[in-house]
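Worksheet: the structure to be examined is printed underneath.
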Amino acid sequence: MNYRQTLDYLFTQLPMYQRIGKAAYKADLSTTRAFDALCNHPHQSFKSIHLAGTNGKGSSSHLLASTLQEAGYKVGLYTSPHLTDFRERIRVNGKMIDQSYIVNFVERYKELSERLAPSFFEWTVALAFEYFKEHKVDYAVIETGMGGRLDSTNIIKPVLSIITNIGMDHQQFLGNSIPLIAKEKAGIIKKDTPVIIGRRQKETDEVFAETAKALNAPLHYAQPEIHYKSALKGPYQKENETTAANAIQYLAASEITVSKEQIIAGFSNVIQNTGLKGRWQTIQEEPRVICDIGHNEDGIKSICQELICMPKQSLHMVLGFVNDKELTKLIRLLPREAKFYFCRADIPRSMDENELLRLASLNGLVGESFKTVALAYETAKQKSGTQDVIFVGGSTFVVAEFLTLQEKEH
């Protein structure tokens, strides 16, 4: 198989939660462990830092990886989902995994793994861990995909676990209350391994305290005075910067050698060092075009608060959602003064754009519906003046399509 055929195999022949939803979800880690055994347990060859949380785990992961790079360590970074290139998920010192390595890995394990029927996510975790082992990384920063307890990454034994925050998302898998979701995320807490909690929430305190105590895991809450400013824009990044800075300080006391100057550089150079995309990313000025992958209640609320406060003539919002969200709640958060361009991303889970418009209209919002992200964005551009703001988001997949369009144009 060539690279394109290899990706098609991973994307279309195997269940993938991001595209098809619940059918791809597995209730245990047995397949992951079996695949890991086939690969001879590559994750045992490097130290790791494990991150879970409803929001901010991606940004926090990139900040950590960037700082470790600045401190002179060889760093693996595993994140999901990707936006424009599958290889974004797996990096060593910011450089994406080679296409040829992906092809060779799948060819090597395809026959052996067929009896296991691994999911897309199980394939990518095995691929990442083997890649990090072969590149002899000092540390791997590993972001969970969803939840924690049953996430495919949760076979590692990290030197530090981090839980950024807990909000309402993926309730059909993780539970329909904050404490239940916290319990799933707390599944990454390991015996005798310290854990840092990014945001203290009264609904989660007891869950984390009980889990940490049962596992003799030292529990630390991120202290707001430990903070470095990063190059990341957006209303929510201060919390992520605080979480990452606390994690770096903890590692500096026990694991790594890092100077204040290297931390400052790590935070300042995070985009160049790690290639982070889709977090309050400004595409152009006049009109100002911003995209962000925030897609749950906390994320949408934070984004809308920032958009309302921004200086502008008019606000245009290009939005699409997946069909497993509580959309009425999300739509009620949207600013009434905005003009809306509802669209559908090109994946099976996308919410019908006409249904989005219907729900929005019922809640007093004014907009139009479009069959594609491209058409919605082009219309928003045509109707915008130079002093306006255009926001693109609602779903990771809307942002991914939008950024792919931008890359093709440039």
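The values are calculated or read from the model by the stated rules, or taken from the named source; none is laboratory data. Just so we're clear, the structure is a prediction, and the values are computed from it rather than from any experiment. Heads up, the Cβs are rebuilt from the backbone with ideal geometry, glycines too, and the neighbour counts pull from every protein chain shown.
Selection within segment 132-152: residues that are out of contact with any helix residue (DSSP H, G or I) (no Cβ under 6 Å at 6 or more places or on another chain) and modelled with pLDDT of 95 or more. The member of this set that is surrounded by the most Cβ atoms within 10 Å (Cβ to Cβ) is PHE132. Might you check whether a residue that is of a type in the set (Gly, Ala, Ser), in contact (Cβ under 8 Å) with a residue 40 or more places away in the chain and under 15 Å from ASN55 (Cα atoms) occurs anywhere in segment 165-185? Yes, because at least one residue in segment 165-185 is of a type in the set (Gly, Ala, Ser), in contact (Cβ under 8 Å) with a residue 40 or more places away in the chain and under 15 Å from ASN55 (Cα atoms). With respect to the conditions (1) more than 26 Å from GLY364 (Cα to Cα); (2) under 22 Å from the mean Cα position of the chain (by Cα); (3) modelled with pLDDT of 95 or more, TYR236 lacks only one, and its number is (3). Among the residues of segment 220-260, the ones that are surrounded by fewer than 18 Cβ atoms within 10 Å (Cβ to Cβ), of a type in the set (A, V, I, L, M, F, W, C) and closer than 18 Å to PRO194 by Cα come to 3 in all. Checking each residue in segment 384-402 for being in contact with a strand residue (DSSP E or B) (Cβ under 7 Å, 6 or more places away or on another chain) and either polar (S, T, N, Q) or over 21 Å from LYS301 (Cα atoms) (or both) picks out SER384, SER395, PHE402.
Only one entry in GLU286, GLU306 is assigned by TED's automatic domain parsing to the domain that holds PHE391, surrounded by fewer than 20 Cβ atoms within 10 Å (Cβ to Cβ) and assigned to a loop (DSSP other than H, G, I, E, B), namely GLU286.
Check segment 66-75 and report whether any residue there is closer than 30 Å to GLN5 by Cα and either part of a helix (DSSP H, G or I) or in contact with a Pro (Cβ under 8 Å, 6 or more places away or on another chain) (or both).
Residues of segment 66-75 that are closer than 30 Å to GLN5 by Cα, as a first pass: 75.
Then keep just the ones that are either part of a helix (DSSP H, G or I) or in contact with a Pro (Cβ under 8 Å, 6 or more places away or on another chain) (or both); that gives none.
The answer is no, given that none of the residues of segment 66-75 is closer than 30 Å to GLN5 by Cα and either part of a helix (DSSP H, G or I) or in contact with a Pro (Cβ under 8 Å, 6 or more places away or on another chain) (or both).
Of VAL195, VAL207, all but one fail to be in contact with a Pro (Cβ under 8 Å, 6 or more places away or on another chain) and either within 30 Å of THR328 (Cβ to Cβ) or not assigned by TED's automatic domain parsing to the domain that holds SER66 (or both); the exception is VAL207. Being modelled with pLDDT under 95 and touching a Ser or Thr at 6+ places or on another chain (Cβ under 8 Å) is the filter here; which residues of segment 85-117 pass it? Of everything in segment 85-117, those that are modelled with pLDDT under 95 and touching a Ser or Thr at 6+ places or on another chain (Cβ under 8 Å) turn out to be LEU116, ALA117.
Residue by residue, here is whether (1) more than 26 Å from the chain's Cα centre (by Cα); (2) of a type in the set (Val, Ile, Thr) holds:
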| site | (1), (2) |
| --- | --- |
| GLN305 | no, no |
| MET317 | no, no |
| GLU355 | yes, no |
| GLY364 | yes, no |
| SER395 | no, no |
| VAL399 | no, yes |
